[in-house]
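A quick write-up on the structure given underneath.
Only the coordinates and a few stated rules stand behind these numbers; no lab work does. Since the model is a prediction, treat every value here as computed from it, not as a measurement. Backbone-built Cβ (ideal geometry, glycine too); neighbour counts: all protein chains shown.
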């Protein structure tokens, strides 16, 4: 098992398990071309199971990797509130690839993450909207994201994500492959 595999499990287990649309992680790399080859290999292995890897940003030696389930992302982006919100910002919401290119551009042109990124990571619209309107303050709970409504429901969800990650990491240590751990869509 290499470092990249550990980072995938550490940050993306809920997506691999099919209980979350997407996850992000920052990955330190020594060779850009090796990173591109790894991303290509993972896409080759996991696209048939509905999981995709996308590099959203590259710095000198770090890549911001987005791991997502395309069908779930399409579903999430089709929510009328989400679509309207993203349309107002300029996202081409009818096409996932164009939407991701626009997100990558917003990430690259900003010193902070664009707040709408939560909509690509299974954060509920109500919490993304709450974060924006409260400027990141006065949340009811802080876990995988800042919660502004339905606190108990989100705490249960956070526990589910954590348990999934722990279970997947144990399985990886015992020799299971990421391919085997990835639930087919």
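Model label sites at residue 40 and residue 78, defined 7 Å from Cα along the beta-carbon direction, differ in position by 3.3 nm. What separates the Cα centres of region 62-135 and region 1-61 is a distance of 18 Å.
For a paramagnetic label modelled on residue 60 (point 7 Å from Cα along Cα→Cβ), amide N atoms under 20 Å away belong, within region 109-141, to 109-112.
Pull out the extension gain between residue 126 and residue 105, defined as 0.36 nm times the separation in residues minus the alpha carbon to alpha carbon distance; nm, one decimal.
On the way: separation 21, 0.36 × 21 = 7.56 nm, distance 2.44 nm.
Here the segment from residue 126 to residue 105 would lengthen by 5.1 nm.
Taking the helices alone, the chain has a mean residue ellipticity at 222 nm of -16500 deg cm²/dmol, built from -39,500 (n - 2.57) per DSSP H run of at least 4 residues and averaged over all its residues. Here each label is just a point 7 Å from Cα along the line to Cβ, and for residue 71 and residue 87 those points are 2.6 nm apart. Just checking the listed ones, 136, 18, 50: in the Gaussian network model of the chain with Cα springs under 10 Å, the one fluctuating most is 136.
Each 5 Å bin from 0 upward holds the following percent of the Cα-Cα pairs of the chain: 1, 8, 16, 19, 21, 18, 11, 5, 1, 0.
Full extension of the chain between residue 150 and residue 5 yields a length gain of 48.8 nm, computed as 0.36 nm times the residue separation minus the alpha carbon distance. Short-range pairs are left out: with C-alpha atoms under 8 Å and at least six residues apart, the relative contact order of the chain is 26 percent. Spin-label model, residue 112 to residue 31: label points 7 Å out along the Cα-to-beta-carbon direction sit 3.9 nm apart.
In terms of packing, defined here as the mean over residues of other Cβ atoms within 10 angstrom, the peptides 157-164, 140-147, 19-26, 64-71 line up highest first as 64-71, 19-26, 140-147, 157-164.
The base-10 log of I(q)/I(0) for region 68-113, evaluated at q = 0.32 Å⁻¹, reads -1.18 [Debye formula, identical scatterers on Cα atoms, solvent excluded].
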